[in-house]
Every structure is written in C-alpha cells, then in structure tokens.
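Shown next, in structure tokens, is the structure this report addresses.
The values are calculated or read from the model by the stated rules, or taken from the named source; none is laboratory data. Since this is a predicted model, take the numbers as computed values, not measurements. Glycine also receives a Cβ, built like all others from the backbone with ideal geometry; neighbour counts cover every protein chain displayed. Quick note on the areas: whole protein, heavy atoms, side chains included, nothing else; ligands and nucleic acids left out. Shrake-Rupley method; radii C 1.70, N 1.55, O 1.52, S 1.80 Å.
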Amino acid sequence: MTWTAPEHWLRIETVDVHTEGEPLRVIVAGFPDLTGRTVLARRRAARSDHDELRRALMWEPRGHADMYGCLVMPPVRPGSDFSVLFMHNEGYSTMCGHGIIGVAKIAVEAGWVDGSGPERPVTIDTPAGLVRATAILDGDRVGEVRFVNVPSFAPALGQAVEVEGLGTVSYDLAFGGAFYAYVDADGLGLSLTPGGAADLIAAGRRITRAVCSSAGAGISHPDDPDLGFLYGTVFTGAAADPAHHSRHVCIFADGELDRSPTGTAVSGRLAILHARGGHAGDSEIVVESIIGGRFSGRVVDTATVGGHAAVVPEVGGRAWVTGRHEFLVDPEDPWRDGFLVR
C-alpha cells in the first residue's frame, strides 16, 4: 500500500495480546513522556494531562468498552526492568495481573530484558508496588508467566450492604493490588457464564456503587491514599471443572467484564481464604474465568500491611500475541479522542 499519513498526525505503536481471553494493548511508542518520581505520580499526570489518549486507544473506534491497556515506561524503583501504567474504559488501575502476564511475555520475547535459560525474571514497577514475574519458556516462546504480587490483605469480612434491586448483599473486602468486594453469585441467582454477562454487569455496577457509598466500607490503604478506592466487584462460584477451586467474574471500572479470572482478584481471594483459615499453606488453587480461562494462585509468604495480616501471593497464567499496530490520530477527526456506545 502506498498511502502514508501526514507527518503532523500523532502515531502510537502497540503490541496487542490477550491473557486467558482478556485483551491487553501494550503501548510501546508514541505516548508522551509522563513526569513524576513515582508510578502513582505518573498515573496522576496521565489522568490530568493526556487522558484523551487513553480514550483514543481504549474507546471506539480503535478500541471498545472492554478494552484494556498498558503503557510501558522507564523504571522508577531500584531493581525494576521497567514501569507500567494500566488503563481501561474509565481511567487508570493500580495493578493488573493479566496485564503483568501479558507484558512480561512481550518483554521476554522482544528482548527487553536480559537473561538465559528456561525461566526469565522480569521485575515490573507498578503503581501498587514492585511485582516480580517469571516467564517460563517453551522453546523460544513464553508458555506461562508467574508473578509474585504485592502483599494482599482482607480488611473486612462478612460485611453487608443494601443494594437497589438486590436487597441485602453480603460481601468480603480484599486488596490484591486493587480493592474488590467479593460476592457469592449463587446467593443472588447469577450465572457465571457468558449468557449471564448482562446481569453480572448490572449487578456488579450496583454493588460497587452501594459499597462505595456505604459509611462503613472503610476502603483505605495504609501506604498511599491513591490506592484507597473500590475498583470493582468479584462474583465467585463453583468451577465448571471439579478439579478447579472456583470461578471468578470481575466487574470493574465502568462496567467492564474481565474475560480472565483477574490476577489481582485471585490475590485478594487468597487473602480472604487465608484470613478465614480455609487455605492450607502454599497449596495451589486454580480459578476459572467466565470463558473457562484459568489462573493458578498460591501463597508464598505472609506479611503485615499497616497492621493488617497479609499474604504474598503468586499468580500464574498464559498470554498470546494478537497483533502489532500503528494507530493514527488525525487532528481534524471530530471523534479523534474516542467515544463509547453501550
């Protein structure tokens, strides 16, 4: 093709992957440099100075309501290979397990990190803290990625909130890089299958709003106030495969439905199980997604976060590359910054 874009158009390059079905658009070039001495400071800079580019890449016509993204940046914390900023249809998350798995795969296969042998360490600086991933190679390709997440804890178990149209809903609150309300799907008559997606999104939005407005929710993180917000609702239920522990469907941001089991949610679930005494040591569990994808999870250590007993979780999963893109932004396009039709 001989067509070329005018020089003054903005060009943004990405590598797209999916992790157990959940999309990840990894931004590798063209995004403006973000200022800030921490990743959380860079997160604030992206939100205040360049949010139109998040919308342009996540929203239609280049993306869709359930698109997810990852901006790769220079490292901040000592010992990290690079830093990342995760983004979605509503804003910027503080951690993302499926994103770690996807970007670690690209980092190893593209040669961003040095190493040899069948297991390659990738240390990633996230808004929530340092995450240590290990890419496990199958030949010259990454077959699986496991990562040791930030300490995860369950500050409130057995809570209840009144939710419009649902009545009294019981939930557990846990942090696994982000805060979630964990709700039993069977108790609300919800199906954790693709056919139940619309009902799950509607219920998840209502529950998240109700918990956020509840005076007793007490959602705060002792390390940084920017981490203290409810990211979404995780519905839990029985796994389709009896060999697996359970199934998760996470509704986060502005009604996004995670196609993967959600790595941060698996981390928080391990904290809940540990707090309830229902998880034996470092034994591994396997959690399914709404489409049957799976993440493994186990506790590798314990910790304390601001007085909360915490676990250090390890989560594992797989990712696949789906494409390489050069996105163009025509300054005369009236919809250059994106839009959503839900």
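The table below gives the values:
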{"item": "For the chain, fraction of C-alpha pairs farther apart than 38 Å, in %", "result": "12"}
{"item": "Inter-probe distance in nm under a simple model that places probes 7 Å from Cα toward Cβ, at GLU109 and ASP140", "result": "1.3"}
{"item": "Mean-position separation - Cα centroids, region 294-337 and region 85-126, in angstrom", "result": "8"}
{"item": "At 1.002 mPa s and 20 °C, Stokes diffusion of region 293-342 via Kirkwood alpha-carbon radius, µm² per second", "result": "132"}
{"item": "Principal axis dimensions, region 126-193 - Cα atoms, whole angstrom, descending", "result": "52, 29, 17"}
{"item": "FRET efficiency estimate (nearest 0.05) - Cβ-Cβ, SER170 to THR193, R0 35 angstrom", "result": "0.95"}
{"item": "Cα gyration tensor shape of region 149-243, rounded if a/c is under 1.5, else prolate or oblate by comparing a/b with b/c", "result": "oblate"}
{"item": "1.4 Å probe accessible area per residue over the chain, in Å²", "result": "42"}
{"item": "5 Å-binned pair-distance histogram of region 199-342 (Cα, whole percent)", "result": "2, 8, 14, 17, 17, 16, 12, 7, 5, 2, 1, 0"}
{"item": "Range of Cα positions in region 57-172 per principal axis (Å), largest first", "result": "55, 38, 29"}
{"item": "Rounded percent of accessible protein surface that carbon and sulfur make up, the chain, 1.4 Å probe", "result": "48"}
